[in-house]
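Okay, structure first, notes after.
The values are calculated or read from the model by the stated rules, or taken from the named source; none is laboratory data. From a predicted model like this one, the values you see are computed outputs, not experimental measurements. Don't worry about glycine lacking a Cβ; one is built from the backbone with ideal geometry, like all the others, and counts go over all protein chains shown. Heavy atoms of the whole protein, side chains included, go into the accessibility calculation; ligands, DNA and RNA do not. Shrake-Rupley method; radii C 1.70, N 1.55, O 1.52, S 1.80 Å.
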Amino acid sequence: MMLRRTNPSTHRLLRFPLFTGRHFSTAKPTVIKTGNGSWEVVVGIECHAQIASQQKLFSTSPLRFAETPNSHVSAFDAAFPGCLPVINKKCVELAVKTGLALKGRIHLRSFFDRKHYFYSDLPAGFQITQQFLPLVVEGKLKLELPTHSKEVSIHHIRLEQDSGKSLHESHPLYSYVDLNRAGAALMEIVSNPDMRSSEEAGCYVRTLQSLLRHLGTCDGNMDEGSLRCDVNVSVMKEGSKQFGTRCEIKNLNSIRYLEKAIDYEAKRQIQLLERGEKVSQETRGYNASNSTTFRLRSKEEDVDYRYFPEPDLPPLVIESVSQFDYIGSSFFLKLFFFRVG
C-alpha cells in the first residue's frame, strides 16, 4: 500500500481568529563577552510530552507509571509480526487541544511515517511519527520573565509513539528492557530557535509545562519522564544574522539541569571558536554530577532514518472541530470528530 504525498500547502488548515497576534520581545539578546569579542547564544527546544491518556497511541494497553516491568505490553507494543496499529481517538483530541491552546494551525489531513533506528528498547526497529505533515504547525507561546516579555514561535507538534525503557542499574553486566512505556502517545513540541539565554529556555519549559497541566493534556512530571527535553544550542557573533553550528543535548528531565547544560555548552562552543577550531554538529548528553556535556554521537541527518509513509495507517482526517472557547482561565473543546482514511 502506498500513500500519495501532496504539497502540504494544499491541505486544509484550521485556525481560530481568537489567537491572532504579532511576534514581540522587549529585551535585547543576552551577550557573553570574552577577551576576543561578544557572542550571542541561540536556543531551540524539542519537548516530548506524554499525552494524558489511559491507553497507548496505537494499542489498548493501559499506561501507568511505576508498574511491574513488562506488565502492560500488548502484542503490538512488542512488535509481534502481523499486529496492526489502531489509533487512540483520545490522543488525537488532546493533541488538537494543545495545538489550539498554543495558537497553532491544525492540519485537517495529516499523515504518519516510519522513522527507522535501532535501540534495544524499540522492538519494531522503527517509530511511528509524523515527519512530513504533522498535526499542528506554526504556534506560539508567550513568556513572562522578570525583566522582559518574549514570544517563542512553535514550529510544529507531531503525534508519535514512545520507546520502551532500558534499565542499567539492576545488574553490573547486563541491561534490562521494560516495554511498559513502549507505544505511549507523545506530542513532540518543537520550538524555533528564538531563545537567547538559558533563563529564557527555562521560562519556556516552565510556561509550557504549566499550560499542559492546565489543559489536562500532559501531567508534565519531568521526574517521571512525562515531559523530556532535547535542547539545540549554538553561538554566533553579536549582531550576526548567521546561526552557528548547533549541538543537541538529549533527554534533559530537569529545568535546572537544562539551564546549566545550555550555559556550559555555550561556553564550550565559544572556547572552541576562539581557538580557531570548528564546532561539530553532534548529539551530546548531560552529566549532572559536574554540570558538563559530553559527546554521544555525530548528529544524524533525515536520510539516516529512512523515512517513508506508514503503510498500515491511512491519512488522519479531522472532519469537524465545531468550537474552541476560552472562558475565564479554562479551555473547552466542545465537539471533535475525526476519521482515519
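Descriptive notes on the structure:
- For the range 41-61, the set of residues classified as open to solvent by less than 20 Å² (accessible area, probe 1.4 Å) and of a type outside the set (S, T, N, Q) consists of V41, V42, V43, G44, I45, C47, A49, I51, K56, L57, F58, listed by residue number.
- For the range 155-162, the criterion of being among the hydrophobic types (A, V, I, L, M, F, W, C) and modelled with pLDDT of 95 or more is satisfied by at least one residue.
- The residue of the range 117-132 that is nearest to the chain's Cα centre (by Cα), among those that are open to solvent by less than 10 Å² (accessible area, probe 1.4 Å) and in contact (Cβ under 8 Å) with a residue 40 or more places away in the chain, is T129.
- Members of the range 134-167 found to be touching a strand residue (DSSP E or B) at 6+ places or on another chain (Cβ under 8 Å) and open to solvent by 80 Å² or more (accessible area, probe 1.4 Å), listed by number: E138, K142, H155, K165
- Checking each residue in the range 297-325 for being closer than 27 Å to S59 by Cβ, hydroxyl-bearing (S, T, Y) and modelled with pLDDT under 80 picks out only S320.
- Only listed residue being over 25 Å from I262 (Cβ atoms), among the aromatic types (F, W, Y) and at pLDDT 90 or above, chosen from F80, F16, F65: F80
- Residues that are part of a strand (DSSP E or B) and surrounded by 17 or more Cβ atoms within 10 Å (Cβ to Cβ) do occur in the range 192-214, at least one of them.
- Note on the range 102-116: among residues that are of a type in the set (A, V, I, L, M) and over 16 Å from the mean Cα position of the chain (by Cα), the one that is least open to solvent (accessible area, probe 1.4 Å) is I106.
One line per residue, one yes/no per condition, for (1) crowded, with 19+ Cβ neighbours inside 10 Å; (2) touching a residue at least 24 places away in the same chain (Cβ under 8 Å); (3) under 25 Å from D219 (Cβ atoms); (4) among the small types (G, A, S):
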| position | (1), (2), (3), (4) |
| --- | --- |
| K241 | no, no, no, no |
| R246 | yes, yes, no, no |
| L252 | yes, yes, yes, no |
| K278 | no, yes, no, no |
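- Screening V231 on (1) in contact (Cβ under 8 Å) with a residue 40 or more places away in the chain; (2) of a type outside the set (K, R); (3) open to solvent by 20 Å² or more (accessible area, probe 1.4 Å) shows it passes everything except condition (3).
- Some residue of the range 130-141 being among the acidic types (D, E), at pLDDT 90 or above and touching a Pro at 6+ places or on another chain (Cβ under 7 Å): no
- The set of residues in the range 55-66 that are in contact (Cβ under 8 Å) with a residue 12 or more places away in the chain and touching a strand residue (DSSP E or B) at 6+ places or on another chain (Cβ under 9 Å) comprises Q55, K56, L57, F58, S61, L63.
- Within the range 186-199, the set of residues being at pLDDT below 95 and under 17 Å from R228 (Cα atoms) comprises S198 only.
- Here V86 clears all of (1) modelled with pLDDT under 90; (2) out of contact with any helix residue (DSSP H, G or I) (no Cβ under 7 Å at 6 or more places or on another chain); (3) assigned to a loop (DSSP other than H, G, I, E, B); (4) not hydroxyl-bearing (S, T, Y) except the condition numbered (1).
- Taken over the range 160-184, residues that are closer than 14 Å to G225 by Cβ, assigned to a strand (DSSP E or B) and polar (S, T, N, Q) amount to 1.
- Criterion applied to M187, M195 was being over 23 Å from I128 (Cα atoms) and not acidic (D, E), and the one residue passing it is M195.
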